[in-house]
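Engineer: If you scroll down you'll find the structure; I have some questions about it.
Please treat every number below as a calculation from the coordinates, not as lab data. Computed from a prediction, not measured in an experiment: that's the story for all the values here. No Cβ is skipped: glycine too gets one built from the backbone with ideal geometry, and neighbour counts run over all protein chains shown.
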Amino acid sequence: MSIQEGLIKSNGVAESISAQKAQTHIPNGQTSELQRDTEGLSEEPEAVPFPTARAPASLAPADQLWSTSRDKAVRLRMEGSGPASETPVTIHQLFVETVEKYGDHPALATKKDGHWEFQTWRQYFEQCCAAAKSFLKLGLERYHGVGILGFNSPEWFISDVGCIFAGGLATGIYTTNSPEACQYVADSCEANILVVENQKQLDKILQIKDQLPHLKAIVQYKGELKQKLPFLYTWAEFMKLGEEVSDEELNAVTESLRANECCTLIYTSGTTGNPKGVMLSHDNLTWTSRIAASMLDVKYVEEVVISFLPLSHVAAQLCDMWMPVTFAMTTYFAEPDALKGSLVNTMKEARPTCFLGVPRVWEKIQEKMKTVGAKASPMRRTVAGWAKSIGLQYNYSVMNGENQVPWGYTLANSLVFKKVRESLGLDRCKLCFTGAAPITKDTLEYFMSLNIPLLELYGMSESSGPHTISQTSNYQITSCGRVMPGCKTKLDKPDKEGSGEICFWGRHVFMGYLNLPDKTAEALDEDGWLHSGDLGRHDQNDNLYITGRIKELIITAGGENIPPVPIEDAVKSEVPIISNAMLLGDRLKFLSMLLTLKCVVDDNGEPTDELNPEVLSFCQQHGIKSTKVSEVIASKEPAIYTAIQEGMERVNARATSNAQKVQKWVILERDFSVGGGELGPTMKLRRPIVVKMYQEKINELYAAAEKP
């Protein structure tokens, strides 16, 4: 299929966009101003004030801002001018534009037999078209799902994009899902085809295949098939299937795509119930990618990213797939054991210019560096400590707009900062992001001290990823930055401190939850504002700070509302040997806490009984012979229990009321993990599940007495 054939005709675009602008409800009384902005638009397509020369996508008729039906379009939240007035485009159009401009630039990099192999943007596009034809050949129906179950790879990307080109709904499935959870997602999206990585993932699907009435075929993209079944294909077989499908047949589908229709489903992790299918439109993804990058120092064809976070999560998709399509970035694929230790090797070889890590990734890097630092000579430790104090001073100065370079900074940069960046593969990384879960101030300050400021993002699947972004030129520690251009934030029902529920408005707001009108009505109010369920406040410069989560708020028996995360973070900061902390006390008379110690993680990413080097170092300094978590608990190791209690007392001393003091705590035998079920795929704490798992221990904490 030629690039030119891929472009969509723009007949009737002016009418559809003008109509959208005229009927879109804009909050805060801006409708009349919007109407003034759109007066006088010609009915001729070329007269529409498109900000770029790209071919615009016509929009499907729609009169509502939300939908729960797979085949229903929505009205875009367009405005008459500014970022929210940008021309809507489909994924296919965006891809075509990039290929026309940068077709020979490397798009994907995969390591095979010790060497990096590259695919150009043109080759990548051709593979996506071939996959689209094969999906059509296999009988992919319009608005039906293609479920993708596996670790990040070119095949994952090609399946996702190919599905969208073929008019399907690309649906990532978490690799950690049980067969039952896979069945729920595949059935919900009415998947016609499932693409799986290997035999392990295939086995899950074969267990539940008979419960999937819409399933027509399964494709395995790595490894040889251990069995021959009529509905089962290798990747090579799959890619050849569509050779009989003509360019004209595929063109007819891509030309029928509309920017305000669904193309992707992101399923929530199901922490508090069944997963919900977040419906994202072409415009959700293409507009958000473009606008998010406008806040950052992103340049065409110059950026390099690494794909390693779960692609079934919207943050990974936006950073690894859609922003690269928008700006012709190069995406390197990490090894499947990235989070077990190999990630830093990929980082050193790829040398990313932009890097997104969830807090647990940054914490693991911090722990590893502290372990290495503890083994250094006294002289090296002294120099490192001095340099870090300089780094922290300098970055706080930059953060506060003073930009004062402290004495010794150049030397510290030469001796420590540059070497640390090189050792991590971050020597040319200009944007280091953290998001998807809360991060502690201790970790933020640690990287600031090494001259690697971490920029926090905030958003959700329902906002196509980011809503606020921190910038290198403007960030505040523990803040999630400022709202994206063309978007709005409202703090609903603020308290006396100005903290209220964070609500979103903008073209990044999702279409609705698939087949769940009640849940959609809970998330989107009658004016179209997305209610996040998070509590936040703004500072005087409009930086957003997350102060808690409505559903996570602990309401004690005395009626006091307590956000758990700040207390948990404070405990982990005061007692660095603690890995995870979870506050308890909902409808109870006092607060208590479940704690886990830092331990060694095995090759499968599961916590072991072995204490990690940081805790072992603590033990050696205090004459403790224990090397296992079980040994510490069995003997109630006095030095460790005393250190935790003293740290807890320091946290309690800063509490705003007695009700916010932690009265009791217990160390659990096993650290939290994704495999264990305590953490979600992005390392978020799954509180209801943890409570259920450890109900007996929780009962013991509260059984001794009504008061400690």
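Engineer: Can you tell me which aspartates and glutamates have their Cα less than 14 Å from the Cα of LYS418? Leave out same-chain residues fewer than eight positions away.
Structural biologist: Within reach: ASP427.
Engineer: Give the long-range amide H neighbours of ILE306: residues separated by 5 or more places, or on another chain, with amide H under 5 Å away, using H modelled in the peptide plane at 1.01 Å from N.
Structural biologist: Those qualifying (amide H under 5 Å, at least 5 residues apart or on another chain) are TYR332, LEU356.
Engineer: Report the trypsin sites (Lys or Arg not before Pro) located in segment 442-551 that are in a DSSP loop and have at most 16 other Cβ atoms inside 10 Å of their Cβ, or state none. Intermediate results must be reported in sequence, preceding the final value.
Structural biologist: Working: sites: ARG482, LYS488, LYS490, LYS496, ARG507, LYS519, ARG537, ARG549, LYS551; in loops: LYS496, ARG507.
Taking segment 442-551 and a limit of 16 other Cβ atoms within 10 Å, the loop trypsin sites (Lys or Arg not before Pro) found are LYS496.
Engineer: Roughly speaking, what is the stretch gain from TYR300 to ALA634, that is 0.36 nm per residue apart minus the C-alpha to C-alpha distance, in nm to one decimal? List each step's numbers first, then the result.
Structural biologist: Values: separation 334, 0.36 × 334 = 120.24 nm, distance 5.78 nm.
Result for the pair: 114.5 nm of gain on full extension.
Engineer: How much of the DSSP beta bridge set in the chain is antiparallel, as a percent to the nearest 5?
Structural biologist: On the way: 47 of 81 bridges.
Bridges in the chain that DSSP calls antiparallel: roughly 60 percent.
Engineer: Given H placed 1.01 Å from N in the peptide plane, which residues other than close sequence neighbours of ASP534 have an amide H under 5 Å from its amide H?
Structural biologist: ILE502, ILE550
Engineer: If I compute Rg and Dmax of the Cα atoms in Å from the structure I just sent, which labelled value in (1) 26.0, 82; (2) 34.8, 123; (3) 28.9, 94 lines up?
Structural biologist: Recomputing Rg and Dmax of the Cα atoms in Å here gives the entry labelled (1).
Engineer: Also, quick follow-up: Just to confirm the filter: which trypsin sites (Lys or Arg not before Pro) across segment 617-654 are DSSP coil and have at most 12 other Cβ within 10 angstrom of their Cβ?
Structural biologist: On the way: sites: LYS625, LYS628, LYS636, ARG650, ARG654; in loops: LYS625, LYS636, ARG654.
Passing both the DSSP loop test and the Cβ count: LYS625, LYS636, ARG654.
Engineer: Which shape class, rounded, prolate or oblate, goes with segment 249-407 when its Cα gyration tensor gives a ≥ b ≥ c as root eigenvalues, a/c under 1.5 marks rounded, and past that a/b bigger than b/c marks prolate?
Structural biologist: On the way: a/c = 2.36, a/b = 1.88, b/c = 1.25.
Note, shape of segment 249-407 comes out prolate.
Engineer: Quick one: net charge of TRP235's neighbours, Cβ under 13 Å, K/R +1, D/E -1?
Structural biologist: Numbers: positive: LYS222, LYS240; negative: GLU155, GLU197, GLU224, GLU237.
Net charge in that neighbourhood comes out at -2.
Engineer: What ratio of Cα Rg to 2.2 N^0.38 Å holds for segment 137-246? All intermediate terms of the calculation are to be shown ahead of the outcome.
Structural biologist: Working: Rg = 12.5 Å, N = 110, 2.2 N^0.38 = 13.1 Å.
It is 0.95.
Engineer: At a 10 Å Cβ-Cβ cut-off, how would you order THR286, THR489, THR68, fewest neighbours first? Kindly include the intermediate steps, with their values, before the conclusion.
Structural biologist: Values: THR286 28, THR489 21, THR68 18.
Ascending number of Cβ neighbours within 10 Å: THR68, THR489, THR286.
Engineer: May I pose another question? Angle check, please: helix 179-188 long axis (alpha carbons) against the longest principal axis of the chain (alpha carbons), in degrees 0 to 90, nearest 10.
Structural biologist: Roughly 40 degrees, rounded to the nearest 10.
Engineer: So what's the angle, to the nearest 10 degrees on a 0 to 90 scale, between helix 91-102 and the longest Cα principal axis of the chain?
Structural biologist: Tilt of helix 91-102: around 90 degrees.
Engineer: Just to check I understand the Karplus step: with θ = phi - 60° and J = 6.51 cos²θ - 1.76 cosθ + 1.60, what whole-Hz values come out for segment 442-449, glycine and proline as x?
Structural biologist: Values, residue by residue: 4, 5, 4, 5, 4, 6, 4, 5 Hz.
Engineer: Which order do ILE469, ILE640 fall in if you start with the one that has the fewest other Cβ atoms within 10 Å?
Structural biologist: On the way: ILE469 28, ILE640 23.
Neighbour counts put them in this order, fewest first: ILE640, ILE469.
Engineer: Now a separate question. Rounded to the nearest 500, what is the chain's calculated 222 nm mean residue ellipticity when only DSSP H runs of at least 4 contribute -39500 (n - 2.57) each, over all residues? Show your work: numbers first, answer last.
Structural biologist: Numbers: 26 runs with 254 residues, N = 708.
Counting only the DSSP helices, I get -10500 deg cm²/dmol.
Engineer: Can I ask one more? Enter the angle in degrees (range 0 to 90, nearest 10) between the Cα long axis of helix 13-23 and the first principal axis of the Cα atoms of the chain, meaning the one along which they spread out most.
Structural biologist: Tilt relative to the chain: about 50 degrees.
Engineer: Through the Karplus equation 6.51 cos²θ - 1.76 cosθ + 1.60, θ set to phi - 60°, convert the phi angles of segment 378-390 into ³J(HN,Hα) values in whole Hz; use x for Gly and Pro.
Structural biologist: x, 5, 5, 5, 5, 5, 4, x, 5, 4, 5, 5, 5
Engineer: Let me ask something additional. Evaluate the charge dipole of segment 361-453 about its Cα centre and quote only its size in Debye, nearest 20, assuming +1 on the Cβ of each Lys and Arg and -1 on the Cβ of each Asp and Glu. Spell out each step's value before the answer.
Structural biologist: Working: 13 positive and 7 negative charges, 74 e Å.
Value, rounded to 20: 360 debye.
Engineer: Amide H neighbours of ILE554 under 5 Å, at least 5 residues apart or on other chains, H built in the peptide plane: list them.
Structural biologist: Result for ILE554 returns ILE562.
Engineer: Write out the GluC sites (Glu not before Pro) in segment 177-266 meeting two conditions: DSSP loop, and at most 11 other Cβ atoms within 10 Å of their Cβ. All intermediate terms of the calculation are to be shown ahead of the outcome.
Structural biologist: Details: sites: GLU180, GLU190, GLU197, GLU224, GLU237, GLU243, GLU244, GLU248, GLU249, GLU255, GLU261; in loops: GLU190, GLU197, GLU224, GLU261.
Sparse-neighbourhood loop GluC sites (Glu not before Pro): GLU224.
Engineer: Have a look at segment 361-453 and give its Rg and Dmax from the Cα atoms, expressed in angstrom.
Structural biologist: Computed over the Cα atoms of segment 361-453, radius of gyration and Dmax are 13.1, 38 Å.
Engineer: Moving on. Does segment 91-163 come out rounded, prolate or oblate, given a ≥ b ≥ c as the square roots of the eigenvalues of its C-alpha gyration tensor, rounded meaning a/c under 1.5 and, failing that, prolate meaning a/b above b/c?
Structural biologist: Numbers: a/c = 2.45, a/b = 1.30, b/c = 1.88.
Oblate shape, in that a/c is at least 1.5 and b/c is the bigger or equal ratio.
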